[in-house]
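J.: One structure is given below, represented as structure tokens, and several questions about it will come after.
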Amino acid sequence: LAKTTQPISMDSYEGQEVNITCSHNNIATNDYITWYQQFPSQGPRFIIQGYKTKVTNEVASLFIPADRKSSTLSLPRVSLSDTAVYYCLVQRENAGNMLTFGGGTRLMVKP
Amino acid sequence: KAGVTQTPRYLIKTRGQQVTLSCSPISGHRSVSWYQQTPGQGLQFLFEYFSETQRNKGNFPGRFSGRQFSNSRSEMNVSTLELGDSALYLCASSLATVGNEQFFGPGTRLTVL
């Protein structure tokens, strides 16, 4: 599976838009990109998933360029409660439900 | 709909003992996966069960084992506990097909003394 690289940490302020970019240079044709959020002492929570171009749901947007070697999770107008670790994952279509987590990005939202 | 439940939530054991953790998936979910989370190694996949069969296995020693019952409930067992097994053990359930959103439970915090 493609290795993912994302910033270790990011700081932001309430009300700002936050963009977290993930690099996955060796992504394969039948791989797709998924983002999870994790709060301390809780299990991860699914945020969004996509294969190409742009996906948007009620909490975030996911931008994937044509070459698919990177992706950007966009969180609009963050609040203090968005302080968490965000994981970018590459999932293979025929690999069962095994998730391979990298180090994640620790987002700190300040007042 | 009730979420994924894990029991117990906290556990303290001593080296050499064995432990069994339990996971009840969301109703209707047939895939159950287990993960270990430690500060040093992060989140690591242990194994996945689907319809009582192990479908995927991570890179863990044979001391770590699991099973799934006909009602999709799952257990994982760790034998001959080592200090390094201290971790948060997370269970996740999902619908049958690959790539579906996985729903994680709150985890079991295991401390090995």
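The values are calculated or read from the model by the stated rules, or taken from the named source; none is laboratory data. Please read all numbers here as calculations on a predicted model, not as lab measurements. Here the Cβ is made from the backbone with ideal geometry for all residues, glycine too, and neighbour counts use every protein chain on show.
J.: Counting only residues that are at pLDDT below 95, buried (at least 16 other Cβ atoms within 10 Å of the Cβ) and among the polar types (S, T, N, Q), how many does region A:36-54 have?
T.: Number satisfying all stated conditions: 1.
J.: Anything in region B:31-54 that is touching a strand residue (DSSP E or B) at 6+ places or on another chain (Cβ under 6 Å), surrounded by fewer than 18 Cβ atoms within 10 Å (Cβ to Cβ) and over 25 Å from B:Leu113 (Cβ atoms)? List them, or say none.
T.: B:Glu52, B:Gln54
J.: Here's something else I'd like to know. Determine which member of the set B:Gln44, B:Gln54, B:Gln102 is under 23 Å from A:Gln91 (Cα atoms), more than 9 Å from every other protein chain (Cβ to nearest Cβ) and touching a Phe, Trp or Tyr at 6+ places or on another chain (Cβ under 7 Å).
T.: B:Gln54
J.: Determine if region B:77-90 includes at least one residue that is among the polar types (S, T, N, Q) and either buried (at least 20 other Cβ atoms within 10 Å of the Cβ) or in contact with a Cys (Cβ under 8 Å, 6 or more places away or on another chain) (or both).
T.: no
J.: Cβ-Cβ below 6 Å, separation at least six or inter-chain, first residue in region B:62-74 and modelled with pLDDT of 95 or more, second among the small types (Gly, Ala, Ser) and part of a strand (DSSP E or B): which pairs?
T.: B:Gln68/B:Ser74; B:Arg73/B:Ser24
J.: Within region A:4-47, how many residues are outside any loop (DSSP other than H, G, I, E, B), within 10 Å of chain B (Cβ to nearest Cβ) and not charged (D, E, K, R)?
T.: 6
J.: Turning to a different aspect of this structure: Looking at region A:62-78 only, could you name the residues that are within 16 Å of A:Ile47 (Cα to Cα) and in contact (Cβ under 8 Å) with a residue 40 or more places away in the chain? Talk me through it step by step, then tell me what you get.
T.: From region A:62-78, those within 16 Å of A:Ile47 (Cα to Cα) are A:62-64, A:71-78; that's our starting set.
Answer for region A:62-78, where residues must be within 16 Å of A:Ile47 (Cα to Cα) and in contact (Cβ under 8 Å) with a residue 40 or more places away in the chain: A:Ser71, A:Thr72, A:Leu73, A:Ser74, A:Leu75, A:Pro76, A:Arg77, A:Val78.
J.: Among the residues of region A:55-63, is there at least one that is within 25 Å of B:Ala92 (Cβ to Cβ) and either within 10 Å of another protein chain (Cβ to nearest Cβ) or buried (at least 20 other Cβ atoms within 10 Å of the Cβ) (or both)?
T.: yes
J.: Just one of (1) in a strand (DSSP E or B); (2) more than 10 Å from chain A (Cβ to nearest Cβ) trips up B:Gly62, so point out which.
T.: That leaves (1) as the condition not met.
J.: Any residue in region A:71-93 that is under 18 Å from A:Thr105 (Cβ atoms), among the small types (Gly, Ala, Ser), in contact with a Pro (Cβ under 9 Å, 6 or more places away or on another chain) and outside any strand (DSSP E or B)?
T.: Checked against the condition, which is being under 18 Å from A:Thr105 (Cβ atoms), among the small types (Gly, Ala, Ser), in contact with a Pro (Cβ under 9 Å, 6 or more places away or on another chain) and outside any strand (DSSP E or B), region A:71-93 yields no hits at all.
J.: Residue by residue through region B:18-37, note down the ones that are part of a loop (DSSP other than H, G, I, E, B) and hydrophobic (A, V, I, L, M, F, W, C).
T.: B:Ile26 - this is the single residue of region B:18-37 that is part of a loop (DSSP other than H, G, I, E, B) and hydrophobic (A, V, I, L, M, F, W, C).
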